[in-house]
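Step one of this worksheet: look at the structure below.
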Amino acid sequence: MVSTAMRRTGGRQRWGSNRGVRTRSTQVRWIIISIVMWAVALLFLMPFVWMVVSSLKRDIDVFRLPIRWIPDPLSWASYEKIWTGPHPITRFMGNSLIVAAARVVGEVTTASLAAYAFARMEFRGRNAIFVLYLATMIIPAQMLLVPRFILYRQLHIYDTLWALILPGIFTVFGTFLLRQFFITIPKDLTDAAKLDGASEFQCYWQIVMPLARPAIASLVILAFVWSWNDYETPLVMLTTESRFTIPLGLTRYMDEGGGFSPSLIMAGAVSSILPVLLVFLVLQKQFIAALARSGMKG
């Protein structure tokens, strides 16, 4: 009996020591991973930090080597010129906000309705139509610029913000993203609602859409960033400076010979990033929830 108890006690001690070793090794592994991830994050943040620092320097100090990470002297002249000069960035940001907001609302509306039809409604040829719909993604956007240019000239909306809004309202990617999320929602929820007399639109608006908030937040962020950074479409569709968006407006800070003030350009770039950061900060919880859910499904 004594020997049996000693064996059991020794076994518990060995198990406890092994568990302690595993716990310490796990902690060490996570510390190493955290250090590596912080190093990678700092590496990716370096260009952004350099951009912010350069916007606070004089032009003569921007490209001086070795790099001075603390501006000396500290100059706010570039921001003052960007915000109150002859080409104020507020005008360009206002145009970009109008275009981005209209495109986001339109894309979420059309994509969610189409995604609900493809994911929850039964009709003949549904899968074949969806495949053909996805196949349109292989058409380069550049091929559509000239036909759109001709069409918008005939519709008299060329050189207006509508020429930027209309192409972004209907997107295949948004439909695909929301359809894949709608499929994961249990169909029993909508079936039960239909038994209680709910229509298809009520199922879409009152059941599916509230449950799809993480996917919608992801689509809002992506659509906003794509619209905000779009340079090619405004370059072709706009000619009046008062209607320029941010990417096209930043070119106004260059002279006709291609010369530019580096600190002025950096100040404009830093200012243009602020709305994007604000949108992400507002929707980050829903965006991270969508990533976590997709990871759990994987």
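Kindly indicate whether any position in the range 231-244 is in contact with a Ser or Thr (Cβ under 7 Å, 6 or more places away or on another chain) and of a type in the set (A, V, I, L, M, F, W, C).
Checking the range 231-244: not a single residue is in contact with a Ser or Thr (Cβ under 7 Å, 6 or more places away or on another chain) and of a type in the set (A, V, I, L, M, F, W, C).
Which one of these is assigned to a helix (DSSP H, G or I), of a type in the set (Phe, Trp, Tyr), modelled with pLDDT of 80 or more and farther than 24 Å from THR251 by Cβ: TRP30, TRP83, TRP15, TRP50?
TRP30
Just to check your reading of the model, which residue among ILE35, ILE67 is more than 25 Å from LEU235 (Cα to Cα), at pLDDT 85 or above, more than 25 Å from the chain's Cα centre (by Cα) and not assigned by TED's automatic domain parsing to the domain that holds ALA267?
None of the others qualify; the one that does is ILE35.
For the range 144-163, indicate whether the set of residues that are touching a Lys or Arg at 6+ places or on another chain (Cβ under 9 Å), among the β-branched types (Val, Ile, Thr) and closer than 22 Å to PRO247 by Cα is non-empty.
yes
What do you reckon, is ALA41 part of a helix (DSSP H, G or I) and modelled with pLDDT of 85 or more?
It is true that ALA41 is part of a helix (DSSP H, G or I) and modelled with pLDDT of 85 or more.
On the basis of being over 30 Å from ILE207 (Cα atoms) and part of a helix (DSSP H, G or I), does LEU144 make the cut?
Here the answer is yes, as LEU144 does meet what is asked.
Is the range 87-94 home to any residue that is without any contact (Cβ under 8 Å) to a residue 24 or more places away in the chain, surrounded by fewer than 19 Cβ atoms within 10 Å (Cβ to Cβ), not assigned by TED's automatic domain parsing to the domain that holds MET266 and not in a helix (DSSP H, G or I)?
No - not one qualifying residue is present in the range 87-94.
Restricting the search to the range 195-220, which residues are small (Gly, Ala, Ser) and within 19 Å of PHE173 (Cα to Cα)?
Matches in the range 195-220: ALA212, ALA215, ALA217, SER218.
Identify all residues within the range 154-209 that are of a type in the set (D, E, K, R) and either at pLDDT below 90 or surrounded by fewer than 16 Cβ atoms within 10 Å (Cβ to Cβ) (or both); write none if there are none.
Passing the criteria: ASP159, LYS187, ASP188, ASP191, LYS194, ASP196, GLU200.
Just the residues that are among the aliphatic types (A, V, I, L, M) and touching a residue at least 60 places away in the same chain (Cβ under 8 Å), please, taken from the range 142-184.
Residues satisfying the conditions are LEU145, LEU161, ALA163, LEU164, ILE165, ILE169, LEU177, LEU178, ILE183.
Residues ASP191, ASP230: which one is closer than 18 Å to ILE98 by Cα and among the acidic types (Asp, Glu)?
Checking each option against the conditions leaves just ASP230.
Do you know which residues across the range 210-240 are farther than 24 Å from GLN284 by Cα and either surrounded by 14 or more Cβ atoms within 10 Å (Cβ to Cβ) or in contact with a Leu (Cβ under 6 Å, 6 or more places away or on another chain) (or both)?
Within the range 210-240, THR233, PRO234, LEU235, VAL236, MET237, LEU238 meet the criteria.
Among GLU107, GLU80, which is charged (D, E, K, R), more than 21 Å from SER54 (Cα to Cα) and out of contact with any His (no Cβ under 6 Å at 6 or more places or on another chain)?
After applying the criteria, what remains is GLU107.
The values are calculated or read from the model by the stated rules, or taken from the named source; none is laboratory data. Remember, predicted model here, so these are calculated numbers, not experimental data. As a convention, Cβ positions derive from the backbone with ideal geometry for all residues, glycine included, and neighbour counts pool all protein chains shown.
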